[in-house]
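Heads up, the thing below is written out as structure tokens.
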Amino acid sequence: MISDSGNLPHPSRRRFLAGAAAFATPLILPGIARAAVGPQVRTVALHNLHTGEKLKTAYWEQGRYIRDALGEINFVLRDFRTDEVHPIDVRLIDLIQTLRRKLDTNASYRVVSGYRSPKTNAALASKSGGVAKKSLHMQGMAIDFSLPDRDLRTLHKAAKSLKAGGVGYYPKSGFVHVDVGAVRYW
Ligand SMILES: [Zn+2]
């Protein structure tokens with residue numbers, strides 16, 4: 001369930017995790033070992049500025065992507081102009097998750113653009129020289145966003161430091177573009 005209130009979509013799983021965390025507390029050494037290889041749960045927090053929809057969800061746990069959560073992400077990042085839903089590349093979801101951790105923020109990404117259908121992209125490209133005709137947005141491999149609690153310059157710098165794909169800086173429009181194509185900056 002996705003709603004404007006940003007409610008958590010998987011209460012049963014969250015209860016389970018909360019219980020697991022309580023049991024795990026005394027096991028200090030394994031906890032430290034796990035921390036060294038990354039988080040056991042990967043989460044995203046998205047706020048689509050066009051639709052007003054908010055989603056905060058764990059999408060990866062214990063080595064596996066969670067199908068339902070990926071479906072919700074795909075929906076929130078759909079082409080809002082045509083309502084077309086397209087799979088978002090999990091590498092992109094991992095990239096923005098890593099970026100969120102690097103910036104040490106719990107805030108939701110303010111999403112300007114996720115998936116774009118070829119029709120939408122062509123319409124945008126004809127109006128703006130800033131929109132590529134073969135945009136990775138059409139493959140679910142790119143996202144444009146900002147963060148409410150970090151300035152755009154900080155976000156841009158952190159995104160570039162990951163060296164994980166393309167990063168574009170659009171200060172006049174108020175967003176940073178990241179994609180999981182070749183590493184390149186503009
Ligand atoms: Zn973009």
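The values are calculated or read from the model by the stated rules, or taken from the named source; none is laboratory data. Note that the structure is predicted; figures quoted are calculated from it, not measured. Note that we place each Cβ from the backbone using ideal geometry, even for glycine, and neighbour counts take in every protein chain shown. Heads up: the accessible areas ignore ligands, DNA and RNA and are worked out on the full protein's heavy atoms, side chains in. Shrake-Rupley method; radii C 1.70, N 1.55, O 1.52, S 1.80 Å.
Data table
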| read-out | value |
| --- | --- |
| Criterion violated by THR98 - all others in (1) open to solvent by less than 50 Å² (accessible area, probe 1.4 Å); (2) under 14 Å from ASP179 (Cα atoms); (3) away from the ligand (no atom under 12 Å from the Cβ) satisfied | (1) |
| Search result, residues across region 146-161 that are of a type in the set (A, V, I, L, M) and within 16 Å of the ligand (Cβ to nearest atom) | LEU147, LEU152, LEU155, ALA159 |
| Unmet criterion (only one of (1) within 14 Å of the ligand (Cβ to nearest atom); (2) in a helix (DSSP H, G or I); (3) open to solvent by less than 20 Å² (accessible area, probe 1.4 Å); (4) more than 18 Å from THR57 (Cβ to Cβ)) for HIS177 | (2) |
| Region 128-140 residues that are part of a helix (DSSP H, G or I), paired with ones that are of a type outside the set (Gly, Ala, Ser) and near the ligand (Cβ under 8 Å from one of its atoms) (beta carbon under 6 Å, 6 or more apart) | LEU136/ASP179 |
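A quick yes/no check of all residues on (1) among the hydrophobic types (A, V, I, L, M, F, W, C); (2) within 16 Å of the ligand (Cβ to nearest atom); (3) open to solvent by 50 Å² or more (accessible area, probe 1.4 Å):
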| residue | (1), (2), (3) |
| --- | --- |
| GLU84 | no, no, yes |
| SER108 | no, no, no |
| ARG116 | no, yes, no |
| ASP144 | no, yes, no |
